[in-house]
Amino acid sequence: MLAYPARLDLAQTPTPFYALDRFRASLQDQGLSVPRLWIKRDDLTGCLTSGNKVRKLEFLMADAKQKGCTAIITSGGVQSNHCRAVAVLGAQLGFKVHLLLRLDRDPDPVGNLLLDQLLGAEISLYSKDQFKQLDQLFSHWQQKYSDQAVSSYCIPTGGSNAIGIWGYIAASEELQKDFIREQINPSRIIHATGSGGTQAGLTLGCHMLGMDTRVEGYAVCDNAAYFEIKIKRDISDWSAEYASAVNIDQLVIKTNDQYIGPDYAVAEPAVYQMIKRLALTEGVILDQTYTGKAFYGMVEDIKQGRFCNETDIVFVHTGGLFGLLAQQDLLNC
Ligand SMILES: Cc1ncc(COP(=O)(O)O)c(C=O)c1O
């Protein structure tokens, strides 16, 4: 049993875990050799708090409470799922929430941004250039709150830091139970990686639990070299904080950066086709920024025979539905 820090019970877990048999059959009908495909439905961690973020926020929000903070400052893209989850939980738990949002695109009040506004979060919008000084923006607002005698708690983009890592260490334990129940020993866990926290937690969790399942993050923005540095740094902070004897050099940080596409939050038509195909065969909705790109990449790799010697692989669905709803023009339904 791992010794977890303070945690709030916020996520609806365990999330469902099952095989995508109809989707797999549709690939086999094309003559492809396809391992059994399993899905972990972390898009169902809660309606408004849906996705991977709430698992991290169970620990981050508990820490904010313990430290006596009453305001939370966090950051992300204008359609950030993480920021929306913080806005929801802030309203639920009584924190003031201040979101520093990067203008990746036109800030139409739709999708996550609409919810952020509804939930009463204070929003400051910044250009991509201004966002390069994100540390200074955090310091600026923290100082402002401090001047008003308000104690604020800063959560980095995506909630990916030493404390947030615990969320996907806990999810690794849940996955291990799923594997035992289904009597499988998957060779690989695949998921979308953006700020690296999910990948860090799963990689560390599987390692500490002695699971021989490789974790592979499919990048949606930065390249593999970036994730190697970012994830190792976060894990090393985690290790220093929680005095674990984990040998970081033994961890394999595996990132696939072949399917990022044109840009962060911009996807090729083939990704939208894949979103529709999974929706039609399984009733599962992916998004264009994260899960759609990762799932598309996984299927391309299956087509290229990359996993032909593997029997079971797992896809972690990390959410993103509200971001997709801000893209109806591109869905062309
Ligand atoms: C829906 C969704 N999936 C995946 C990710 C990537 O997770 P992480 O930031 O932990 O890498 C994010 C956030 O960045 C997300 O919102």
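Each reported figure results from applying straightforward, stated rules to the coordinates on display, with no laboratory input. Because the structure is a prediction, the values reported are computed rather than measured. Cβ: placed from backbone, ideal geometry, glycine included. Neighbour counts: every protein chain shown.
Placing unit charges on each Cβ (+1 for Lys and Arg, -1 for Asp and Glu) gives the range 53-159 a dipole about its Cα centre, and among Leu99, Gln66, Ala149 the Cα reaching farthest toward its positive end belongs to Gln66. Principal semi-axes of the equivalent ellipsoid, √(5λ) from the alpha carbon gyration tensor of the range 53-159, are 20, 17, 12 Å from largest down.
Listed by chain and number, the lysines placed with their C-alpha closer than 17 angstrom to that of Lys40 are Lys53, Lys56, Lys177, Lys293; residues fewer than eight positions away on the same chain are left out. With R₀ fixed at 56 Å, the C-beta to C-beta distance from Ala225 to Ala149 puts the FRET efficiency at about 0.80. Computed 3J(HN,Hα) for the range 310-322, one whole-Hz value per residue from the Karplus formula 6.51 cos²θ - 1.76 cosθ + 1.60 where θ = phi - 60°, is 9, 9, 9, 10, 10, 10, 8, 7, 9, x, x, 4, 5, glycine and proline marked x. Within the chain, antiparallel bridges make up roughly 10 percent of the DSSP beta bridges whose residues both belong there. Of interest is the spacing of the C-alpha centroids, which for the range 240-270 and the range 29-68 amounts to 16 Å. Ranked by the mean number of other Cβ atoms within 10 Å of their residues, highest first, the peptides 66-78, 25-37 come out as 66-78, 25-37.
What FRET efficiency do you get for Gln30 and Asp249 if R0 is 51 Å and r is their Cβ-Cβ distance, rounded to the nearest 0.05? Provide the component values of the computation, followed by the final result.
Details: r = 41 Å, r/R0 = 0.81.
So the FRET efficiency works out to roughly 0.80.
Take Glu182, project a point 7 Å from its Cα along the Cβ direction, then tell me which residues of the range 299-328 have their backbone nitrogen under 18 Å from it. It comes to 299, 302, 307-319, nothing else.
Listed by chain and number, the aspartates and glutamates whose C-alpha is less than 16 Å from the C-alpha of Lys303, apart from same-chain residues fewer than 8 away, are Asp29, Asp312.
Of the residues Tyr126, Val284, Ala219, the one whose Cα sits farthest towards the positive end of the charge dipole of the chain is Val284 (charges of +1 on Lys and Arg Cβ, -1 on Asp and Glu Cβ, taken about the Cα centre). Put simply, the Cα atoms of the range 247-332 extend 46, 27, 21 Å along their principal axes, the longest span coming first.
Legend: Rg and Dmax of the chain, from Cα coordinates, 19.2, 65 Å.
Overall, the range 53-159 carries a charge dipole of about 260 debye about its Cα centre when +1 sits on the Cβ of Lys and Arg and -1 on the Cβ of Asp and Glu, all other atoms neutral.
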